[in-house]
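Shown next, in structure tokens, is the structure this report addresses.
The values are calculated or read from the model by the stated rules, or taken from the named source; none is laboratory data. These numbers come from a predicted model, not from an experiment. In this analysis, Cβ positions are derived from the backbone assuming ideal geometry, glycine residues included, and neighbour counts consider all displayed protein chains.
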Amino acid sequence: MKEARSGSGVGAFETKGDRVHFSHTVRGNINAHGWWKRLNGPATKAKVTVWLQVKGGSGWTTLNKGSKTVYSGGGSAKRASAAWKCTNFIAKHSFRSVIDVDIVGYPDDNHKKTTDTQTLYCGT
């Protein structure tokens with residue numbers, strides 16, 4: 001489902017992110033990525049922050065956070081990433097990512113996108 005947002009002259013945009021997954025480039029790591037897509041309006045760059053989280057007995061805990069100021073789009077050059085090195089591949093945990101997009105030069109709201117939970121064999 002698309003989740004377009006707009007406000008204060010920024011135009012409309014979508015906050016995007018992928019599910020937490022095993023890295024294709026760094027063996028033993030899990031990754032989370034966040035990016036944004038401009039639908040219309042003058043905004044050109046945004047600071048994207050992604051939190052990689054694990055579920056524990058007391059709720060969700062952030063394992064790592066990454067931020068990057070990027071142009072609209074996605075792909076490795078236009079996204080923020082957070083990674084975590086698994087301590088083992090026996091323990092099974094639930095992971096998610098939370099993504100915040102702050103359009104450069106415009107007021108921010110408190111909206112964040114939370115990705116679907118992924119269960120992976122990755123010790124924390």
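Numbers for the structure displayed
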read-out	value
Some residue of segment 93-102 being aliphatic (A, V, I, L, M) and free of Cβ contacts under 8 Å to residues at least 40 places away in the same chain	no
Residues being out of contact with any Lys or Arg (no Cβ under 9 Å at 6 or more places or on another chain) and either surrounded by fewer than 18 Cβ atoms within 10 Å (Cβ to Cβ) or not in a loop (DSSP other than H, G, I, E, B) (or both) - total across segment 40-49	4
Residues within segment 82-114 that are in a strand (DSSP E or B), of a type in the set (S, T, N, Q) and touching a Gly at 6+ places or on another chain (Cβ under 8 Å), tallied	1
Scope segment 33-88; condition within 11 Å of the chain's Cα centre (by Cα), closer than 21 Å to THR119 by Cα and of a type in the set (Ser, Thr, Tyr); matching residues	SER81
Evaluation of THR124 against (1) part of a loop (DSSP other than H, G, I, E, B); (2) among the hydroxyl-bearing types (Ser, Thr, Tyr); (3) at pLDDT 95 or above (one fails), failing number	(3)
Candidate set from segment 50-81 (those that are outside any strand (DSSP E or B) and among the polar types (S, T, N, Q)); member that is modelled with the highest pLDDT	SER72
Segment 77-124, subset among the polar types (S, T, N, Q) and within 23 Å of THR15 (Cβ to Cβ), residue surrounded by the fewest Cβ atoms within 10 Å (Cβ to Cβ)	ASN110
